[in-house]
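Here the structure is laid out as structure tokens; the discussion comes afterwards.
Rule-based calculations on the coordinates, nothing more; no lab input. Keep in mind that what you see is a predicted model, and the values were worked out from it rather than measured. Cβ atoms come from the backbone with ideal geometry, glycine included; neighbour counts cover every protein chain shown.
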Amino acid sequence: MTSCLGSDDNASTTTLRDAQIATFSLTNDSVPGLNKVKFTISQLDGLILNMDSMPYGTEVGQVLCNITFVSYAINAAITPEAQPDTTFSWVETDSVNLSKPIKIVVTAADGVTKKTYRAQLNIHQVNPDSLSWERYADSPVPGTIREQKVITYSYNNEDAYFMYAGTSGDYKLYCSPVADARRWEELPLSGLSGDDKLISQLTVFGSSVYIPSESGALYSSQDGVHWELAGNTPSVRYLLGALSEGRNQRPVLAAIVEDNGLLSFACMNENGEWTTGENVHSKFPLTNFASYSYINMYHAYIILVGGRNRENQLTNTTWGTMNGKDWALLTNEGTGYFEEREGLMLTRYDEKFFLTGGMNAEGKASKELYTSIDQGVTWALQDSLVIFPDAYNARGFASVQVDKDNYMLIFGGKTSNNTYQLNEIWRGRINRLGF
């Protein structure tokens with residue numbers, strides 16, 4: 001650089017020593033979207049990469065590297081990892097093999113100062129829509145388990161899994177942090193002696209937990225550990241779920257009660273007050289159904305899928321309610337999206353309902369997985385991406401929970417009506433929900 005100051009005829013020259021890359025981009029007409037990929041340049045450690053990975057399956061070979069420099073650089077030498085014995089000077093019109101990262105050594109105008117970069121194109125290595133499963137842990141319950149139910153409940157001021165297990169004529173309770181379902185401790189369960197409790201219908205309502213018995217008695221607990229007979233209740237034969245508070249909706253515990261042999265829908269509010277609704281339809285499921293409570297567009301709902309009705313027939317329909325007293329059939333009985341089953345698993349995941357497992361009329365377990373995008377009105381069988389691996393046994397009567405990290409956990413389950421609960425916990429997550 002030269003400068004002329006007045007009558008001073010002396011010229012000064014400064015040699016540039018800046019070897020930094022200012023911008024970096026790639027082009028290849030055969031790779032859709034490549035020219036729109038944004039690259040981040042870390043001058044501190046010399047890394048050049050795209051933070052937002054390109055789609056799974058993208059194939060990149062020869063590309064054009066578009067580079068600008070902070071200052072004038074006399075040379076940029078490139079060594080592709082795909083061709084480690086080849087080094088050549090960068091020319092904007094020459095293609096570079098970027099199937100693997102490349103090393104770029106920039107030499108500043110002084111011919112001495114150098115800076116080394118490592119440039120790479122990130123591409124998703126797994127299908128983002130695939131649900132990857134693993135056998136995550138073993139059940140904490142020793143010996144044989146007749147039945148099992150896992151709920152999410154508050155324990156020591158943090159979310160925990162409570163596993164209620166029916167063993168030989170008794171019940172046990174185990175607790176695990178939601179953050180680590182491999183770490184369990186047994187809690188001193190009391191007040192649930194005998195084996196007449198409908199453990200599959202155990203329901204959290206507010207800060208308490210409720211469970212019906214075969215005799216119509218309702219038991220409650222304020223901590224999930226110490227149980228007692230609930231007072232001032234009708235003959236509660238079945239619990240259907242709990243409605244959260246929604247727009248113009250009070251939270252209620254939904255149930256079926258019996259009066260002089262007549263079954264009616266009923267609900268209990270947060271003050272312990274009971275209200276009776278319409279009579280129970282003969283096709284409505286009473287046992288072994290899948291139940292799920294959720295909020296959608298500020299309104300609370302409960303849906304039930306499958307199970308056995310009062311005629312002891314298996315069903316394959318979906319029922320729903322917004323108040324616990326009035327229930328509507330959501331599916332057409334003649335549609336038959338899946339065969340009649342009991343012991344299904346139902347949860348809301350990835351903004352849709354997931355339904356899996358269960359036993360048919362012959363007692364054969366299933367590992368089919370269905371999804372619904374319309375709140376259970378229609379169901380679609382999934383045949384790829386989210387299906388279970390070969391090592392996963394078909395099962396029914398398992399518990400399913402979804403944690404804050406978007407993992408779906410399946411606890412136990414039976415491979416047939418005459419077997420004990422499986423001593424295992426499976427965990428899966430759709431890949432993109434973990435990115």
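Things worth noting here:
- Treating r as the C-beta distance of residue 82 and residue 132 and R0 as 41 Å, the FRET efficiency rounds to 0.90.
- When the Cα convex hull of the range 77-226 is projected onto planes of every orientation, the mean area is 17.4 nm².
- Net charge, residue 265 excluded, C-beta distance under 15 Å - Lys, Arg +1, Asp, Glu -1: 0
- Taking packing as the residue-averaged number of other Cβ atoms within 10 angstrom, the listed peptides 222-232, 282-292, 19-29 run from highest to lowest as 282-292, 19-29, 222-232.
- Cα centre as origin, Lys/Arg/Asp/Glu Cβ charges: the chain dipole, Debye: 220
- Rounded to the nearest 20 debye, the dipole magnitude of the range 238-333 is 220 debye, with +1 charges on Lys and Arg beta carbons, -1 on Asp and Glu beta carbons, and the Cα centre as origin.
- Note on residue 402 and residue 423: the extension gain reaches 5.6 nm, defined as 0.36 nm multiplied by sequence separation minus the Cα-Cα distance.
- Computing P(r) over Cα pairs in 10 Å bins from 0, in percent for the structure here picks out one of [x] 4, 19, 26, 22, 15, 9, 3, 0; [y] 4, 18, 22, 16, 10, 10, 9, 6, 3, 1, 0, 0; [z] 4, 20, 29, 29, 16, 3, 0, namely [y].
- Straightening the chain between residue 180 and residue 112 buys 19.0 nm, computed as 0.36 nm per residue apart minus the Cα-Cα spacing.
- Using the average count of surrounding beta-carbon atoms within 10 Å as a protection proxy, the listed peptides 76-84, 270-278 rank, highest first, as 76-84, 270-278.
- For the listed peptides 235-245, 373-383, a ranking on the average number of other beta carbons within 10 Å per residue, highest first, reads 235-245, 373-383.
- Computed from point charges on the beta carbon alone (+1 for Lys and Arg, -1 for Asp and Glu), the dipole magnitude for the range 176-262 about its Cα centre is near 360 Debye.
- Pairs from the list 36/100; 197/414; 36/404; 197/367; 283/404 with a Cα-Cα gap above 25 Å: 36/404; 197/367; 283/404.
- HN-Hα J in Hz across the range 411-420 - Karplus 6.51, -1.76, 1.60, θ = phi - 60°, x for Gly and Pro: 9, x, x, 10, 7, 7, 5, 9, 10, 7
- Alpha-carbon spread of the range 199-254, three principal axes, descending order, Å: 35, 23, 23
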